[in-house]
């Protein structure tokens with residue numbers, strides 16, 4: 001039954017954004033870095049002057065994505081090359097254009113799960129087998145796609161060594177988690193583009209625009225983010241730039257640290273330890289039809305916010321929130337003063353996204369259904 005519910009979520013929720021970069025999605029089965037490696041604890045605040053491991057000396061040269069929306073594939077390409085350079089002293093590049101199309105990329109971008117799962121399955125290829133296309137070829141989307149996916153078996157077999165063993169979500173609001181994750185790998189950082197994003201040092205002045213993915217190389221002792229970009233802003237640009245520590249449009253982060261073989265079981269165990277009573281429907285008889293109905297309503301409500309970071313948090317607690325609404329008297333939204341307002345689970349989702357902490361103790365049903 002859960003697979004049917006997951007299919008419903010994906011069918012209703014996975015949408016493409018207005019910007020050609022990263023496709024918004026919700027993934028209830030996404031690995032969670034803190035649950036798997038940190039016991040779900042926030043930990044101490046980052047001390048003044050504390051910084052992450054610095055991956056910049058091992059990072060590759062700038063690689064221009066041109067006008068093709070391959071930023072997420074570029075970030076994964078660069079991360080793999082950075083890690084291999086650190087461990088082996090060589091830079092082996094995967095083909096970003098092949099990864100993009102193999103992982104379901106469209107004119108409107110690609111998704112983390114779409115590309116990540118390709119690399120987990122070892123279905124990427126080396127860049128020398130499928131170099132980035134010329135600008136002329138990039139003008140014809142259908143020809144570009146045919147070029148990217150026309151790969152022989154020998155190239156596929158040779159590319160298996162550039163696979164990844166998993167990827168996991170790191171809440172960027174908890175810098176402690178990001179610094180811990182960067183001990184093992186650089187991170188994929190997803191941001192919304194600000195009006196001053198073309199500068200070498202970006203404060204984030206002006207409204208955030210479309211979603212864009214970069215490689216996060218270093219969090220320095222001032223808390224600023226050093227990144228490797230794939231967008232060309234001027235001649236001579238080397239791809240390196242800095243986001244201010246208070247850049248307001250950081251959306252999400254992902255580690256490619258190897259996951260335990262039994263990570264799904266470990267994550268399920270952690271969820272049950274924290275939300276066991278809730279996930280057991282507070283001892284009430286299960287109503288799967290009602291759960292499906294609420295899942296559909298949640299999709300519509302969360303979609304209104306058009307926020308990848310909130311959607312990722314919602315994905316993490318999706319079944320908890322469904323059970324809390326169906327069996328525990330918690331609200332999705334409520335009507336007041338002539339309009340519908342965000343209810344318990346939406347407010348909780350925003351709170352967790354900002355702080356890593358919940359508003360409610362979801363292992364206990366709410367005493368009533370009235371919102372004051």
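The values are calculated or read from the model by the stated rules, or taken from the named source; none is laboratory data. All figures in this text were calculated on a predicted structure; none of them were measured in a lab. A quick note on method: Cβ atoms are made from the backbone with ideal geometry, for glycine too, and the neighbour counts reach across all protein chains shown.
In table form, for the structure just shown:
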| quantity | calculated |
| --- | --- |
| Residue count for the range 30-40, restricted to those that are within 12 Å of the chain's Cα centre (by Cα) and at pLDDT below 85 | 0 |
| Among residues of the range 360-372, those that are in contact with a helix residue (DSSP H, G or I) (Cβ under 8 Å, 6 or more places away or on another chain) and either assigned to a strand (DSSP E or B) or within 22 Å of residue 39 (Cα to Cα) (or both), counted | 4 |
| Hits in the range 287-327 (condition: closer than 24 Å to residue 211 by Cβ and in a loop (DSSP other than H, G, I, E, B)) | 304, 305, 306, 307, 317 |
| Residue list for the range 350-359, filter: closer than 16 Å to residue 40 by Cβ and part of a loop (DSSP other than H, G, I, E, B) | 356, 357, 358 |
| Hits in the range 235-249 (condition: in contact (Cβ under 8 Å) with a residue 24 or more places away in the chain and either farther than 26 Å from residue 116 by Cα or out of contact with any helix residue (DSSP H, G or I) (no Cβ under 8 Å at 6 or more places or on another chain) (or both)) | 237, 238, 239, 241, 242, 243, 244, 246, 247, 248, 249 |
| Unique match (being closer than 30 Å to residue 322 by Cβ, without any contact (Cβ under 8 Å) to a residue 40 or more places away in the chain, in contact with a helix residue (DSSP H, G or I) (Cβ under 8 Å, 6 or more places away or on another chain) and not in a strand (DSSP E or B)) among 29, 41 | 41 |
| Any pair with Cβ under 6 angstrom, 6 or more apart, that starts in the range 269-283 at a residue that is under 18 Å from residue 29 (Cβ atoms) and ends at one that is at pLDDT below 90 and surrounded by 17 or more Cβ atoms within 10 Å (Cβ to Cβ) | 270/35 |
| Residue check for residue 270: surrounded by 13 or more Cβ atoms within 10 Å (Cβ to Cβ) and in a helix (DSSP H, G or I) | yes |
| Residue in the range 147-164 that is at positive phi, touching a strand residue (DSSP E or B) at 6+ places or on another chain (Cβ under 7 Å) and surrounded by 14 or more Cβ atoms within 10 Å (Cβ to Cβ) present | no |
| Failed item, numbered, when residue 237 is tested on (1) farther than 22 Å from residue 50 by Cβ; (2) modelled with pLDDT of 95 or more | (2) |
| Residue check, residue 24 at pLDDT 80 or above and either under 27 Å from residue 349 (Cα atoms) or surrounded by 17 or more Cβ atoms within 10 Å (Cβ to Cβ) (or both) | no |
| Given (1) assigned to a loop (DSSP other than H, G, I, E, B); (2) in contact with a helix residue (DSSP H, G or I) (Cβ under 9 Å, 6 or more places away or on another chain), number of the condition residue 100 does not satisfy | (1) |
| Residue tally, condition in a loop (DSSP other than H, G, I, E, B), at pLDDT 95 or above and either surrounded by fewer than 16 Cβ atoms within 10 Å (Cβ to Cβ) or in contact with a strand residue (DSSP E or B) (Cβ under 8 Å, 6 or more places away or on another chain) (or both), over the range 46-63 | 9 |
| Test result for residue 112, out of contact with any helix residue (DSSP H, G or I) (no Cβ under 6 Å at 6 or more places or on another chain), over 25 Å from residue 217 (Cα atoms) and crowded, with 16+ Cβ neighbours inside 10 Å | no |
| Test result for residue 167, modelled with pLDDT of 95 or more, assigned by TED's automatic domain parsing to the domain that holds residue 36 and surrounded by 19 or more Cβ atoms within 10 Å (Cβ to Cβ) | yes |
| Wholly enclosed helices (runs of 4 or more DSSP H) of the range 118-232 bearing at least 3 residues out of contact with any helix residue (DSSP H, G or I) (no Cβ under 8 Å at 6 or more places or on another chain) | 141-149, 153-158, 175-181 |
| All positions within the range 328-346 that are buried (at least 21 other Cβ atoms within 10 Å of the Cβ) and either on the phi > 0 side of the Ramachandran plot or assigned to a helix (DSSP H, G or I) (or both) | 344, 345, 346 |
| Any pair with Cβ under 7 angstrom, 6 or more apart, that starts in the range 46-63 at a residue that is touching a residue at least 40 places away in the same chain (Cβ under 8 Å) and ends at one that is surrounded by fewer than 15 Cβ atoms within 10 Å (Cβ to Cβ) | 49/221; 50/221; 51/221; 53/183; 62/238 |
